[in-house]
Amino acid sequence: MSFTEKEIESLVKKYYLLDVKAKALTGEYEFNFLLTAQDGTKYIFKAASDEHSYDFFDAQIKIVQHLSNSEVADKFFQYIPNSSGELMTVLQKGDRKFYLRLITFLEGKFWCNTSERPDALHIDLGNVLGRMDKVLQNFSHPAMHRHYVWDISNAADANRKLHCIKDHELRRIAGYFLLQFETEVLPVISSLRHAYLHHDANDTNILVQGDKVVGLIDFSDMVYTALINNLAVACTYAMMNHPDPLFAATLVVQGYHKAYALTEQEIDLLYYLIAARLCISVTQSAWNASIETNNEHHFISEKPAWELLYKLIRINPIKAQDSFRKVCGFKAIINNDDYTNLLEERKEHIGRNLSISYQQKLKIVRGALQYLYDDKGNTFVDCVNNPSHVGHCHPVVVKAMQKQIATLNTNSRYLHNNIIDYAKRLTATLPPSLSVCYFTNSGSEANDLAVRIARHFTKQKDIIVLDHAYHGTSTVAMEMSPYKFDSKGGFGQMPWIHKAMNPDLYRGPYKYNDREAGKKYAADVQRIIEELKKENKAPAVFICETLLGVGGQIPLPPNYLKEVYKHVRAAGGVCIADEVQVGFGRVGDAFWGFELQNVVPDIVVMGKPIGNGHPLAAVVITNEIADAFNNGLEYFNTFGGNPVSMAAGLAVLDVIQHEEMQQHAKETGEYLMDGLRKLMNKHPLISEVRGHGLFIGAEMVKDRNTLEPALPEIDIVVEKVKTKGYLLSTDGPLHNVLKIKPPLPFNKQNADELLQYLDESLSEL
């Protein structure tokens, strides 16, 4: 039920004795009309249904009356009484009641329609709001005590509508910020100062002239809530479409604090409250779209809200807190500490042979999907931490773990559904023959167990590995990792370990143009088998990563594993696929790296991404091998397969599937590799780009003929790119390969920026 413009003109004539022309305006909850009298005087007429109570509209009248007797009276409209002297007219129309109100018209230009927004205007906005809230200290009305969807204190309710956001990246970002609201804000929000607030200083409610705020309209969002929420709303809209959103917010905070002093605790929460307001907005828009509403007001802020959320996640929350503190005169939280004391304490209490990345050390304090925040206020795009497979602090994974650890965590000798559910989900991603799971806490432990199982099954001890390979830090894993035992301080090669040639199509003897390269590299494994045969031995195990990590980010040559597995199995050995770094969709074209080779291993080992960095790993084997291993000697792992780890694993699989991360890895990885190949044409230092999906290596040499590794140039590039906010690392036997293995939320915008900064850094060389 609505009103025509003619009906409104008639109602105004009847109840307010005014001859006017009415023009319909937009509104979310009310019917709004611009009225123009014969003498040119303008008014606003509002008609609202009984969806809201009489008391609620009475509260709107009372709060405006309270403000009209204060120093900020000129910033607000006034209610005009009807012919009976009442400020609200109750109209019965059909079976509905409507509440009619006539208000004065405020001159000014809406904030959203201004192209010039000087700094002074932002400061004045904060000042006006601070003065208003100070005036309202002694105001109250029971109707403002309500549970309201737009009340930032209720932002956690937006989780119920997250599913309405269909875009995976957008839903993930909103989910992340709602998780932070629950973590950072909810535990303390009830203890903050509360007040009766306007709570909707958005860009369509603020009237300006020049560098001054001349009016604030629309009290339909007013609510009793945390005082700081009023400022949070204003900051949110002041930040939209501003070239420096954080700076815009600090100006509003500065103006507010000068008029009405804030507390340190309030401003330390402001970043998260701004994000929460945006999350309410975008989830409401998504929900409205899902019910196919045609009210354009429901979508008015959707695009700028998403644009601001994209910017906000790249603003270190510590930088925001520090900026807000400084403009309020509070103690800064960012200092110039060079970590001397921390480094000394680390040296004293932590193993000395644990290295620290980068020349200028980083103290990382928070993570957000593909972003990392340090304690200096810097934000970095993480291009190397592949353990956080689906993103740092992914909300789905975090909540699954939180819920389970609050319920139960114990060992796997008790029956529990999680371990069965996860084993079934995990093996469903594998070939049917791989059906039995053992759960451990790390890839190293899993590789150790896999070798133990294989040795038991084959009754042999010898292991064939690839040169330069790395399989973990346990004793057995170190023994079969040439990357470690051949390095400085290494213990050398054990007699039961045999190194096969690294199947490197770039540096090895067989190149890309050799169609038989895979078969020829595989022949080196057969050579080892023949040598073992002369000693009346046979291999227990052949193990290799299905794309080589520390070996140089190298995809295996076509048919390599097919030939190797044939040789090893003919000799009675077991074939182990180490998927610790490459599994779970990272390679894009397949869920598992071994699928790129069209083979089925006897044992698959997985770690790192399986629990998104939570200590979880697995060994998956065939029934035949499992039956042989079940020889009476129990295998028990206290934490392997515990309910929390299984909840984490299930959540990771859910995210990969529901957010289509494998396809994302394929598209983004191909996009990034295309860009790197264009850089290769421009910069001779880049001599080779290789990989699959978001498992990428870029080899750097000084001379493309001699293949002399580009040292120290590659390290200089890594450090230069770090100063621009991107974290890279190096790998390979010669330490001259750029390693790019980011969390899978890494997007094309990140890729573009990384390529730009690599280009700039290489040009500076």
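Take the conditions crowded, with 19+ Cβ neighbours inside 10 Å, charged (D, E, K, R) and within 28 Å of A698 (Cα to Cα) and apply them to D504. Does it pass?
Details: crowded, with 19+ Cβ neighbours inside 10 Å: yes; charged (D, E, K, R): yes; within 28 Å of A698 (Cα to Cα): yes.
Yes: the conditions hold for D504.
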If we keep only residues of segment 613-665 that are among the acidic types (D, E) and not in a helix (DSSP H, G or I), then the residue nearest to the chain's Cα centre (by Cα) is E659
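Looking at V620, V600, V587, can you tell me which residue is crowded, with 20+ Cβ neighbours inside 10 Å and more than 18 Å from K741 (Cβ to Cβ)? Before the answer, list the steps.
Values: V600 fails: crowded, with 20+ Cβ neighbours inside 10 Å; V587 fails: more than 18 Å from K741 (Cβ to Cβ).
Exactly one of V620, V600, V587 is crowded, with 20+ Cβ neighbours inside 10 Å and more than 18 Å from K741 (Cβ to Cβ), namely V620.
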Could you list, in sequence order, the residues of segment 736-758 that are assigned to a loop (DSSP other than H, G, I, E, B) and among the basic types (K, R)? K741
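So if I check each of V582, V564, V550, which one is assigned to a loop (DSSP other than H, G, I, E, B) and closer than 17 Å to V465 by Cα? Walk me through how you get there before you give the answer.
Details: V582 fails: closer than 17 Å to V465 by Cα; V564 fails: assigned to a loop (DSSP other than H, G, I, E, B).
Being assigned to a loop (DSSP other than H, G, I, E, B) and closer than 17 Å to V465 by Cα holds for just one of V582, V564, V550, which is V550.
Taking segment 353-370, which residues are part of a loop (DSSP other than H, G, I, E, B) and either farther than 26 Å from I714 by Cβ or of a type in the set (A, V, I, L, M, F, W, C) (or both)? Can you show your working first?
Keep residues of segment 353-370 that are part of a loop (DSSP other than H, G, I, E, B), which gives 353-363, 370.
Answer for segment 353-370, where residues must be part of a loop (DSSP other than H, G, I, E, B) and either farther than 26 Å from I714 by Cβ or of a type in the set (A, V, I, L, M, F, W, C) (or both): L354, I356, L362.
Out of segment 37-63, which residues are of a type in the set (S, T, N, Q) and exposed (fewer than 15 other Cβ atoms within 10 Å of the Cβ)?
The initial filter retains those residues of segment 37-63 that are of a type in the set (S, T, N, Q), namely 38, 41, 49, 53, 60.
Those that are of a type in the set (S, T, N, Q) and exposed (fewer than 15 other Cβ atoms within 10 Å of the Cβ): Q38, T41, S53.
Among the residues of segment 404-452, which ones are among the polar types (S, T, N, Q), surrounded by fewer than 22 Cβ atoms within 10 Å (Cβ to Cβ) and not in a helix (DSSP H, G or I)?
Start the filter on segment 404-452 by keeping residues that are among the polar types (S, T, N, Q), which leaves 404, 407, 409-412, 417-418, 427, 429, 433, 435, 440-442, 444, 447.
Still in the list and also surrounded by fewer than 22 Cβ atoms within 10 Å (Cβ to Cβ): 404, 407, 409-412, 417-418, 427, 429, 433, 435, 441-442.
T407, N409, T410, N411, S412, T429, S433, S435, N441, S442 - these are the residues of segment 404-452 that are among the polar types (S, T, N, Q), surrounded by fewer than 22 Cβ atoms within 10 Å (Cβ to Cβ) and not in a helix (DSSP H, G or I).
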Restricting segment 348-375 to residues that are crowded, with 17+ Cβ neighbours inside 10 Å and of a type in the set (D, E, K, R), the one farthest from Q756 (Cα to Cα) turns out to be D375
In segment 475-490, what residues are surrounded by fewer than 19 Cβ atoms within 10 Å (Cβ to Cβ) and either modelled with pLDDT under 90 or touching a Gly at 6+ places or on another chain (Cβ under 9 Å) (or both)? F485, D486, S487, K488, G489, G490
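Among the residues of segment 521-543, is any in a strand (DSSP E or B), under 37 Å from the mean Cα position of the chain (by Cα) and not β-branched (V, I, T)? If you could, list the steps in order and put the result at the bottom.
Taking segment 521-543 as the starting set, the residues that turn out to be in a strand (DSSP E or B) are 539-543.
From what is left, the residues that are under 37 Å from the mean Cα position of the chain (by Cα) are 543.
Next cut, not β-branched (V, I, T) only: none.
The answer is no, given that none of the residues of segment 521-543 is in a strand (DSSP E or B), under 37 Å from the mean Cα position of the chain (by Cα) and not β-branched (V, I, T).
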Check R96 against each of (1) touching a strand residue (DSSP E or B) at 6+ places or on another chain (Cβ under 9 Å); (2) free of Cβ contacts under 8 Å to residues at least 24 places away in the same chain; (3) among the charged types (D, E, K, R) and name the one condition it does not meet. (2)
Selection count where residues are surrounded by fewer than 23 Cβ atoms within 10 Å (Cβ to Cβ) and small (G, A, S), scope segment 453-474: 2
Answer yes if at least one residue in segment 188-198 is touching a residue at least 60 places away in the same chain (Cβ under 8 Å), surrounded by 16 or more Cβ atoms within 10 Å (Cβ to Cβ) and among the charged types (D, E, K, R), and no otherwise. no
Any chance K161 is more than 27 Å from T263 (Cα to Cα), in the same structural domain as I315 (by TED's automatic domain parsing) and in a helix (DSSP H, G or I): yes
Which count do you get for residues in segment 707-733 that are free of Cβ contacts under 8 Å to residues at least 60 places away in the same chain and either part of a loop (DSSP other than H, G, I, E, B) or closer than 18 Å to D674 by Cα (or both)? 5
Tell me whether segment 384-399 contains one or more residues that are crowded, with 20+ Cβ neighbours inside 10 Å and part of a strand (DSSP E or B). yes
Counting only residues that are in contact with a Gly (Cβ under 8 Å, 6 or more places away or on another chain) and of a type outside the set (G, A, S), segment 200-223 contains a total of 5
Based on this model, can you work out whether K724 counts as over 20 Å from K511 (Cα atoms), within 21 Å of the chain's Cα centre (by Cα) and surrounded by 24 or more Cβ atoms within 10 Å (Cβ to Cβ)? no
Matching residues, segment 309-326, being in contact with a Phe, Trp or Tyr (Cβ under 9 Å, 6 or more places away or on another chain) and either in a helix (DSSP H, G or I) or modelled with pLDDT under 95 (or both): L309, L312, P317, I318, K319, A320, Q321, S323, F324
Kindly provide the set of residues from segment 666-686 that are in contact (Cβ under 8 Å) with a residue 60 or more places away in the chain and outside any helix (DSSP H, G or I), ordered by number. H683, L685, I686
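The values are calculated or read from the model by the stated rules, or taken from the named source; none is laboratory data. This is a predicted model, so every value here is computed, not measured. As a convention, Cβ positions derive from the backbone with ideal geometry for all residues, glycine included, and neighbour counts pool all protein chains shown.
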